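Asker: Just dropping this structure here.
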Amino acid sequence: MAHILLDQLGVSFTVRQHGRMALKEFVVRGMFRGKVNPKVVVQALRDVNIEVHDGDRLGIIGHNGAGKSTLLKTMAGVYPPTSGRCVTKGRISSLFDVTLGFEPDASGWENIAYRGYLQGETPRTIAKRIDAIAEFSELGDRLSMPLRYYSTGMTVRLGFAIATSIEPEILIIDEILSAGDIDFQLKARQRMISMIESARLVILASHDLAALEGLCDRVVWMDHGTVKMIGPASEVIAAYSGRPAIAQAA
């Protein structure tokens, strides 16, 4: 049974207060302040309590910088909690950067294998999927070319085809992905919907409120790293978008 529990979850990052500095500034700071590289702590998530059960379709909304991506990456195991806990049960597949792990000097065929291994595939399992991935990408003979000669659209199409070839238990998505021309975007959207329907548990962050309301049964509204509201999708989206209560009932 797929399950995710966030209990008093907090995530913070320690970052440098200043970016690159010239040699003169480096020396001056070291001489007169005794601290060359001051750092600050950014609290990205604070006291987050969410429980997601097998069969749930949970949407995440909020303004840019509200903590949506950090929340998803913590659930996926990319970021460790700095306070509280994140407990997951089930095989997690996350769709964030679909081109992660690509090698520009390797061919499309080779990159299918490289990216597949990052997703937990083995040489045996990727061999079973490689033809279907190639067909979905619609790249044909260009799969024999080094990736450095691909356009941005071609690279994303290949990454999308590989990333969505999985059969996840828990599916975590940061924004609905689109790539290529209109026909490919329609095909990509159908692939995403199929994955969402087949996964045991889905968590999806998006600015597309209409899509979230159609795909999710519950929604979390994130605001400055905290949960502002969680509940039925229509109610939370209505509150977030400022729709009148009568429009929600309709």
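The values are calculated or read from the model by the stated rules, or taken from the named source; none is laboratory data. All of these numbers come straight from a predicted model, not from anything done at the bench. So basically every Cβ, Gly included, is an ideal-geometry build from the backbone, and we count neighbours across all protein chains shown. Note: accessible area is taken over every heavy atom of the protein model, side chains too, but ligands, DNA and RNA are not part of it. Shrake-Rupley method; radii C 1.70, N 1.55, O 1.52, S 1.80 Å.
Asker: Kindly indicate whether any position in the stretch 145-156 is surrounded by fewer than 17 Cβ atoms within 10 Å (Cβ to Cβ) and in a loop (DSSP other than H, G, I, E, B).
Answerer: Among the residues of the stretch 145-156, at least one is surrounded by fewer than 17 Cβ atoms within 10 Å (Cβ to Cβ) and in a loop (DSSP other than H, G, I, E, B), which makes the answer yes.
Asker: Okay, moving on. Just the residues that are without any contact (Cβ under 8 Å) to a residue 24 or more places away in the chain and either of a type in the set (A, V, I, L, M) or under 19 Å from Ile60 (Cα atoms) (or both), please, taken from the stretch 101-126.
Answerer: Ala113, Leu118, Ile126
Asker: While we're on this one: Specify which of the listed residues (Thr70, Thr99, Thr88, Thr82) is under 24 Å from Ser137 (Cβ atoms), open to solvent by 20 Å² or more (accessible area, probe 1.4 Å) and either of a type in the set (Ser, Thr, Tyr) or touching a Phe, Trp or Tyr at 6+ places or on another chain (Cβ under 6 Å) (or both).
Answerer: Exactly one residue qualifies, and that residue is Thr99.
Asker: Please find, within the stretch 1-17, the residue that is most open to solvent (accessible area, probe 1.4 Å) out of those that are assigned to a strand (DSSP E or B) and within 13 Å of Val87 (Cα to Cα).
Answerer: Selected residue: Gln8.
Asker: In the stretch 182-212, what residues are out of contact with any strand residue (DSSP E or B) (no Cβ under 8 Å at 6 or more places or on another chain), touching a residue at least 24 places away in the same chain (Cβ under 8 Å) and either open to solvent by 50 Å² or more (accessible area, probe 1.4 Å) or not aliphatic (A, V, I, L, M) (or both)?
Answerer: Passing the criteria: Phe184, Lys187, Arg191, Ser198, Asp208.
Asker: Go through (1) at pLDDT below 95; (2) out of contact with any Asp or Glu (no Cβ under 9 Å at 6 or more places or on another chain); (3) over 30 Å from Val48 (Cβ atoms) for Tyr114 and report which single condition fails.
Answerer: It fails just one condition, (2).
Asker: Shifting gears a bit: From the list Arg46, Arg57, which residue is surrounded by 13 or more Cβ atoms within 10 Å (Cβ to Cβ), within 15 Å of Ile173 (Cα to Cα) and at pLDDT 95 or above?
Answerer: From the options Arg46, Arg57, the qualifying one is Arg57.
Asker: Then there is this: When you look at Asp105, is it over 24 Å from Arg189 (Cβ atoms) and either of a type outside the set (Lys, Arg) or surrounded by 14 or more Cβ atoms within 10 Å (Cβ to Cβ) (or both), yes or no?
Answerer: Yes, satisfied.
Asker: Tell me whether the stretch 18-30 contains one or more residues that are touching a Lys or Arg at 6+ places or on another chain (Cβ under 8 Å), at pLDDT below 95 and either not in a strand (DSSP E or B) or not hydrophobic (A, V, I, L, M, F, W, C) (or both).
Answerer: Checking the stretch 18-30: at least one residue is touching a Lys or Arg at 6+ places or on another chain (Cβ under 8 Å), at pLDDT below 95 and either not in a strand (DSSP E or B) or not hydrophobic (A, V, I, L, M, F, W, C) (or both).
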